[in-house]
Amino acid sequence: MKIFLDTADLAEIRRAAEAGLIDGITTNPSLLAKAAGGEGDPRDILAEICRAVDGPISAEVVATDTAEMVREGRKLAEIADNVVVKVPLVEAGLRACRQFRSEGIKVNVTLCFSPTQALLAAKAGATYISPFVGRLDDIGSGGMELIAQIVQIYENYDFTTEVLVASVRSPQHVADAALLGADVATIPPKVLYQLLQHPLTDRGLDAFLSDWAKLPESQRAI
Ligand code: E4P
């Protein structure tokens, strides 16, 4: 399963990319607005992200009608070859998705909350579908059940649209996504580093190092 980082924070992106932990980035208007902080240019931030990560970078349109979405998406796609245009899962977004795909532009259809929405996105040729598991859990509706349903539907009909698990809140979401065979999970930086942690790893490492430190200094160098 590919791991994308769900952020527009360049310091976090560089740290994770240099560690080789990520395969791509997802942004959204909220994340980019936060990174721009009211003064930076969001397009410059996107260009910098595209240089920092050798993988797909999702950049979302903010228009609500198809013609404007297409205009914005084309501009976003011009920023770099690795831009994936993100559109919301509404009729105008699916129309724009078809247009982008006919032009060879990759599309991430976002804000997916039901299996039928995912079916329509795949039929519109989406490169990625982004079901939001955390926001479904928040309203007491099983987010991971939706992933299982979409994976099954896409398998039934050999759709090539990749299932990109979004709105991830915990390492358990990531493990469940991988067990269900999702193609990608997009993860906030905090959760990415939680994936690495285990108390037995820390305890074991402490014990190894303290046993080694008991050797005379002349024997410790490797
Ligand atoms: C996905 O692309 C979205 O940016 C993101 O996963 C939304 O997550 P949230 O529900 O934590 O805002």
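Rule-based calculations on the coordinates, nothing more; no lab input. All values reported here derive from a predicted model rather than from experimental measurement. Cβ placement follows ideal geometry from the backbone for every residue including glycine, while neighbour counts extend to all protein chains displayed.
Filter the stretch 175-192 down to residues that are crowded, with 22+ Cβ neighbours inside 10 Å and of a type in the set (Val, Ile, Thr) and give me whichever is nearest to the ligand (Cβ to nearest atom).
In this case the residue turns out to be THR186.
Can you tell me how many residues within the stretch 86-143 are surrounded by 19 or more Cβ atoms within 10 Å (Cβ to Cβ), farther than 18 Å from THR27 by Cα and within 12 Å of the ligand (Cβ to nearest atom)?
Matching residues across the stretch 86-143 total 2.
Quick check on ALA124: is it touching a Lys or Arg at 6+ places or on another chain (Cβ under 6 Å) and under 23 Å from SER58 (Cα atoms)?
yes
Among the candidates LEU136, LEU94, single out the residue that is part of a helix (DSSP H, G or I) and touching a strand residue (DSSP E or B) at 6+ places or on another chain (Cβ under 8 Å).
The conditions single out LEU94.
Among VAL70, VAL62, which is the only one that is under 23 Å from THR7 (Cβ atoms) and in contact (Cβ under 8 Å) with a residue 12 or more places away in the chain?
Unique residue meeting the criteria: VAL62.
State the number of residues belonging to the stretch 35-73 that are of a type outside the set (Gly, Ala, Ser), surrounded by 15 or more Cβ atoms within 10 Å (Cβ to Cβ) and out of contact with any strand residue (DSSP E or B) (no Cβ under 7 Å at 6 or more places or on another chain).
To start, the set of residues in the stretch 35-73 that are of a type outside the set (Gly, Ala, Ser) comprises 39, 41-46, 48-51, 53-54, 56-57, 60-62, 64-66, 68-72.
Those still in the list that are surrounded by 15 or more Cβ atoms within 10 Å (Cβ to Cβ) too: 42-43, 45-46, 48-50, 53, 56-57, 60-61, 66, 69-70, 72.
Pick out the ones that are also out of contact with any strand residue (DSSP E or B) (no Cβ under 7 Å at 6 or more places or on another chain) and you get 42-43, 45, 48, 66, 70, 72.
Residues meeting the conditions: 7.
Does the stretch 172-191 contain at least one residue that is of a type in the set (Val, Ile, Thr), farther than 28 Å from SER141 by Cα and not in a strand (DSSP E or B)?
No: the stretch 172-191 contains no residue that is of a type in the set (Val, Ile, Thr), farther than 28 Å from SER141 by Cα and not in a strand (DSSP E or B).
Scan the stretch 35-58 and tell me whether some residue there is within 14 Å of the ligand (Cβ to nearest atom), in a strand (DSSP E or B) and at negative phi.
The answer is yes, given that some residue of the stretch 35-58 is within 14 Å of the ligand (Cβ to nearest atom), in a strand (DSSP E or B) and at negative phi.
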